[in-house]
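Peer 1: Take a look at the following structure, please.
The values are calculated or read from the model by the stated rules, or taken from the named source; none is laboratory data. Since this is a predicted model, take the numbers as computed values, not measurements. Reconstructed Cβ throughout: ideal geometry from the backbone, glycine too, with neighbour counts over all protein chains shown. Keep in mind that these areas ignore ligands, DNA and RNA; they rest on the heavy atoms of the full protein, side chains included. Shrake-Rupley method; radii C 1.70, N 1.55, O 1.52, S 1.80 Å.
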Amino acid sequence: MRPVVLSCLALLLVLVSGSALAQSANRPTTGYTRVAIETSVGTIIVATDNRRAPITSANFLTYVDDGRFDGVTFYRAARRKSDPRLGLIQGGIDTDARRSLPPIRHEPTTQTGIRHLDATLSMARPNRANSAMGNFFITVGPTPNMDARGDYIGYAAFGHVVAGMDVVKRILAVQTCCGEGPMRGQMIIKPIAIIRAKRLDGTPHPSRGVKPWLLGLNRKSQGTAR
């Protein structure tokens, strides 16, 4: 009887967890902020974990509230050689320094407890600590090698996808080439446009100051209006 009871409990936990995620896609969940990432191939809705990863979540939401992700792309699709259906997609400001905010303090998975499971939202970064800015990735399938362990700081997971994993998988499957080092062969040939990223919960808190990436766009729009 005990194995049967344990199996039933495990199934109940899975169902409850799945139900909670489904509900959070349609309405606010305490401690999380939903963001709709509208792309040229569909919309992905993510939820930042503001309690467990406050620094990383706040940084991502500032990029959203400022409009820094509007008009950028998903530019990387890293598929596993063992199973191309699994891997990660990466997007954000890429190397556009005009859109960047100062780098943030790293929040490792050993501190937050947010592991890199399927549909995890995490920050990309250069090969050094406290360097993440405006690039992020979404996992397809568990990716435990991204978690911190020992002297390895890993990557800062800070949320998960609550709707639109079909869009994530569609992006993962697009044609890639080029790239260097660990990204060799993983750069998307025709990057997927991020039309805009919009906060669905709470009050926006944009940063102050000039938005340099908009200066050229403003000049173009004024010229068109004449």
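Peer 1: Suppose R0 equals 22 Å; then what is the FRET efficiency for Ala173 and Arg196 from their Cβ-Cβ distance, rounded to the nearest 0.05?
Peer 2: Between Ala173 and Arg196 the formula returns 0.40.
Peer 1: Oh, and also: Length gain on complete extension for the stretch Ala25 to Asn130, per 0.36 nm per residue less the alpha carbon to alpha carbon distance?
Peer 2: 34.8 nm
Peer 1: Could you tell me whether the stretch 128-191 comes out rounded, prolate or oblate from its Cα gyration tensor? Rule is a ≥ b ≥ c as square roots of the eigenvalues, rounded for a/c under 1.5, then prolate if a/b exceeds b/c, otherwise oblate.
Peer 2: oblate
Peer 1: Distance between the C-alpha centers of the stretch 31-60 and the stretch 133-212? Whole Å please.
Peer 2: 11
Peer 1: Quick check for you: with a 1.4 Å probe and neighbouring chains kept, what is the accessible area per residue of the stretch 66-137, in Å²?
Peer 2: Here the per-residue accessible area is 46 Å².
Peer 1: Which of rounded, prolate or oblate describes the stretch 58-137 when judged by the alpha-carbon gyration tensor and an a/c cut-off of 1.5?
Peer 2: oblate
Peer 1: Still on this structure, please answer the following. Leaving ligands and nucleic acids out of the surface, order His205, His116, His106 by accessible area at 1.4 Å, largest first.
Peer 2: His205, His106, His116
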